[in-house]
Amino acid sequence: MSEKTENDRHYWQLVDTFIGIANEKAQTIDRSIIGPSLLYSASRFNAYMLSAVSPTVEAFNENKEAAIKYYLAQHEEMMRENFDDFAANFDKYRNANS
């Protein structure tokens, strides 16, 4: 299996895992805090990822704005794709997540 295919498989497994946890938690806690907690977790992990490739705090700070711009663009693209997908499949998805 190629690395890209292996990474894709891991990517979608993680997506399914995170969504599964969110859906499970939605059964017992206020749903309005689940999305923001996922966003905060992603932001925290992405800051860690930048630090992991930065040899110094100066390098981290030099690359911070570019990383923020990248992640904001990625998030917007993902949001638009998912909102469009939900609009196209509204009844099917709404009933599955009730």
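The values are calculated or read from the model by the stated rules, or taken from the named source; none is laboratory data. This is a predicted model, so every value here is computed, not measured. FYI the Cβ positions are ideal-geometry reconstructions off the backbone, even for glycines, and counts take in every protein chain you see. In case anyone asks, the SASA skips ligands and DNA or RNA and just uses the protein heavy atoms, side chains included. Shrake-Rupley method; radii C 1.70, N 1.55, O 1.52, S 1.80 Å.
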Q: Kindly provide the set of residues from the stretch 78-98 that are open to solvent by less than 80 Å² (accessible area, probe 1.4 Å), outside any helix (DSSP H, G or I) and modelled with pLDDT under 95, ordered by number.
A: N97
Q. Within the set of pairs 6 or more residues apart or between chains, which connect a residue that is polar (S, T, N, Q) inside the stretch 35-59 to a residue that is at pLDDT 95 or above and open to solvent by 90 Å² or more (accessible area, probe 1.4 Å) with Cβ atoms less than 6 Å apart?
A. none
Q.
Of the conditions (1) open to solvent by 90 Å² or more (accessible area, probe 1.4 Å); (2) within 26 Å of N63 (Cβ to Cβ), E24 satisfies every one except a single condition; which number is it?
A. (2)
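Residue by residue, here is whether (1) assigned to a loop (DSSP other than H, G, I, E, B); (2) surrounded by 10 or more Cβ atoms within 10 Å (Cβ to Cβ) holds:
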{"position": "H10", "(1), (2)": "no, yes"}
{"position": "I29", "(1), (2)": "yes, yes"}
{"position": "L50", "(1), (2)": "no, yes"}
{"position": "S54", "(1), (2)": "yes, yes"}
{"position": "E58", "(1), (2)": "no, no"}
{"position": "N61", "(1), (2)": "no, yes"}
{"position": "L72", "(1), (2)": "no, yes"}
{"position": "E76", "(1), (2)": "no, yes"}
(Q) Could you check the stretch 36-48 and list, in sequence order, the residues that are surrounded by fewer than 11 Cβ atoms within 10 Å (Cβ to Cβ) and not aromatic (F, W, Y)? (A) P36, R44
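Residue-wise test of (1) over 21 Å from Y93 (Cβ atoms); (2) modelled with pLDDT of 95 or more; (3) basic (K, R).
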{"site": "Y11", "(1), (2), (3)": "no, yes, no"}
{"site": "G35", "(1), (2), (3)": "no, yes, no"}
{"site": "R44", "(1), (2), (3)": "yes, yes, yes"}
{"site": "Y70", "(1), (2), (3)": "yes, yes, no"}
{"site": "E76", "(1), (2), (3)": "no, yes, no"}
